[in-house]
Amino acid sequence: MLFAAYFVLTFLCFGAWSLATPLFASPDEPTQVAYAAAAVRGEVVGYTIDGPASAYTAVHIPAVFAAGNAYATCDKFHLTVPASCAPALTTSTKTVHVATYVGRYPPLYYLIVGLPSLVFVSKTGIYLMRLMSSLLNAALVSLALLAIAVWSQRKLLLVGVAVAATPMTWFIGGMVNPSGFEICSAILLWATGLVLVLEHPDHPPPRLIALFAVAIALLSLARPISLLWVGITLVILSLLGGWRALVGVLRSRAARLSIPPLVACGVFALWWVLAQHSLDLVPGTPAPASEPALQLLATALDHAKLWPDQMVGVFGWKSTPSPLLTYAVWLCIVVFLFVLGLSRAGARRAGTLVLLLGIVVLLPLILDFSVEHRLGIDGQGRYWLPIAVGIPLVSVALLERSAAHAWVRTHAAWFLTIGVGVASVAAYLGTLRRYAVGISGPIDFLQGSWRPPIGLLGAAVGGCACEALLLVAVIIELRRPTRTGMELASAGTDAEVAARRQPSTKNPWR
């Protein structure tokens, strides 16, 4: 029942963003929809257009799924223009030839979210593709919450998940875009990994290891660069847990059984990226060959200033900002948790947290700097969220067994959770208003010219209610008594329960 509750609430949060955002009004969604519709119809890569090193491939799909580029132009970068300016979406089901620049991406995500397009060849099919993406991402986030509720004494990790799931996560996770899948897989990997290495290094629960392995596999197959995030996350977790945790986990039968399929999954992901040239991206505006390195670095640094805001929430085609309140609250919460975690951790774990921060700050800068001459700069904050989500989660995990932990759990957790809720609702309503009446339109946007499928009132009330209910569920779990180490170790493991002669624990998966 616990998983069902988390799953329904997280799905409703993702789904609210799916229905409250105009079609094709999210980054790259026209080409993402086209590739998803093609992949489930057998064109997993498509046909090469300009050679194997080109990002573009050609696919054949029904016209309604290829109409995104023409549909979402009138308000794309015009914030004062409501989304009602868009023309009627074509209803043609005629097969057309269209180019996509994500046709070389790993296909797993697209094969899943593209399924509704086989049944509904219409606008409804596109909305259902979004909702299929919401279902997938909701399962990942709810599993992260479940793992903490069932196997962890560090209940504050629930707050860490709430902070890690920024408004950008809910937004992009409700669109047709593998970035949401990548971020949510990373949240599951960080959450299960922290519980595993910090709390169950000697006798890891098999089902927790299974969730950890699933997160590794899914993140590996999310996007072309995702293998890098898997490697970095595993290194950070190993440093946090130390040799004892590493040896303890590897000794378990469940871990040994999971290694061969994970290796196979990693090999396939690497083969796909190399064989299909998945890292050959669409060039932007490359820097002149004569431009000196210092100037390139200055340009990269200037671009990097945008990433923190983008990680929290810049919606649409990187053009619709969140309210200032959202950025201020999120910055204060993340800094508060980071400083508190750093001050209460031992030297090794504090150093690991600083290392993680350094990676989040410097690695994206290095990656952007390295391709300026070839591709120009096109890094976005959401690209780095799979690693950045680790900062609030690790910070919270390091508070265990300290006076600060007890104080935060009993006094500050409510304020942190409420702050997250207020900031998220502000971002959601601000975005809804932007599409209904334009960003400079009236505050009362319920009579706006653009309306989502469930109406403006339904979208406004429904989205706020879903966010509130999910955070209430987090607060309820925070208030529940923490189980003993023996109860946590035996959760979901019938053999260990019998060996300790304890009553059977309730199965968390029902």
Residues that are in a helix (DSSP H, G or I), more than 14 Å from residue 125 (Cα to Cα) and at pLDDT below 95: does the stretch 55-69 have at least one? yes
Can you tell me how many residues in the stretch 251-266 are over 23 Å from the mean Cα position of the chain (by Cα) and more than 21 Å from residue 397 (Cβ to Cβ)? 11
State whether one or more residues within the stretch 178-189 are modelled with pLDDT of 95 or more, touching a strand residue (DSSP E or B) at 6+ places or on another chain (Cβ under 9 Å) and surrounded by 24 or more Cβ atoms within 10 Å (Cβ to Cβ). no
How many residues are buried (at least 19 other Cβ atoms within 10 Å of the Cβ), in contact (Cβ under 8 Å) with a residue 60 or more places away in the chain and in a helix (DSSP H, G or I) when one looks only at the stretch 113-122? 2
Please find, within the stretch 39-54, the residue that is surrounded by the fewest Cβ atoms within 10 Å (Cβ to Cβ) out of those that are of a type in the set (A, V, I, L, M) and assigned to a loop (DSSP other than H, G, I, E, B). 53
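Just to be sure I understand, how many residues within the stretch 265-303 are under 12 Å from residue 375 (Cα atoms) and either outside the structural domain of residue 367 (by TED's automatic domain parsing) or aromatic (Phe, Trp, Tyr) (or both)? Give the derivation first.
Taking the stretch 265-303 and keeping what is under 12 Å from residue 375 (Cα atoms), we get 279-289.
Going one step further and asking which of them are either outside the structural domain of residue 367 (by TED's automatic domain parsing) or aromatic (Phe, Trp, Tyr) (or both), we end up with none.
Qualifying residue count for the region: 0.
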Restricting the search to the stretch 70-112, which residues are among the hydroxyl-bearing types (Ser, Thr, Tyr), assigned to a loop (DSSP other than H, G, I, E, B) and in contact with a strand residue (DSSP E or B) (Cβ under 9 Å, 6 or more places away or on another chain)? 92, 93, 101
Taking the condition surrounded by fewer than 21 Cβ atoms within 10 Å (Cβ to Cβ), touching a residue at least 40 places away in the same chain (Cβ under 8 Å), of a type in the set (Asp, Glu) and in the same structural domain as residue 21 (by TED's automatic domain parsing), does residue 309 pass? yes
All but one of (1) in the same structural domain as residue 88 (by TED's automatic domain parsing); (2) at pLDDT 95 or above hold for residue 156, so report the exception by its number. (2)
Of all residues in the stretch 342-379, which are of a type in the set (Val, Ile, Thr) and either outside the structural domain of residue 237 (by TED's automatic domain parsing) or part of a helix (DSSP H, G or I) (or both)? 352, 354, 359, 360, 361, 366
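From the list 103, 160, 125, which residue is surrounded by fewer than 24 Cβ atoms within 10 Å (Cβ to Cβ) and either more than 25 Å from residue 309 (Cβ to Cβ) or touching a residue at least 24 places away in the same chain (Cβ under 8 Å) (or both)?
125
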Just one of the numbered conditions (1) surrounded by 22 or more Cβ atoms within 10 Å (Cβ to Cβ); (2) modelled with pLDDT under 85 is not true of residue 435; which one? (2)
With respect to residue 290, is the statement that it is surrounded by 12 or more Cβ atoms within 10 Å (Cβ to Cβ), hydroxyl-bearing (Ser, Thr, Tyr) and not in a helix (DSSP H, G or I) true? no
Flagged in the stretch 208-231 as surrounded by fewer than 18 Cβ atoms within 10 Å (Cβ to Cβ) and farther than 16 Å from residue 179 by Cβ, in numbering order, are 210, 231
Unique residue being among the small types (Gly, Ala, Ser), surrounded by fewer than 18 Cβ atoms within 10 Å (Cβ to Cβ) and either out of contact with any helix residue (DSSP H, G or I) (no Cβ under 6 Å at 6 or more places or on another chain) or modelled with pLDDT of 70 or more (or both) when the list is 495, 459, 413: 495
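The values are calculated or read from the model by the stated rules, or taken from the named source; none is laboratory data. Since the model is a prediction, treat every value here as computed from it, not as a measurement. When we count neighbours, we look across all protein chains shown, and the Cβ atoms used for this are built from the backbone with ideal geometry, even at glycine.
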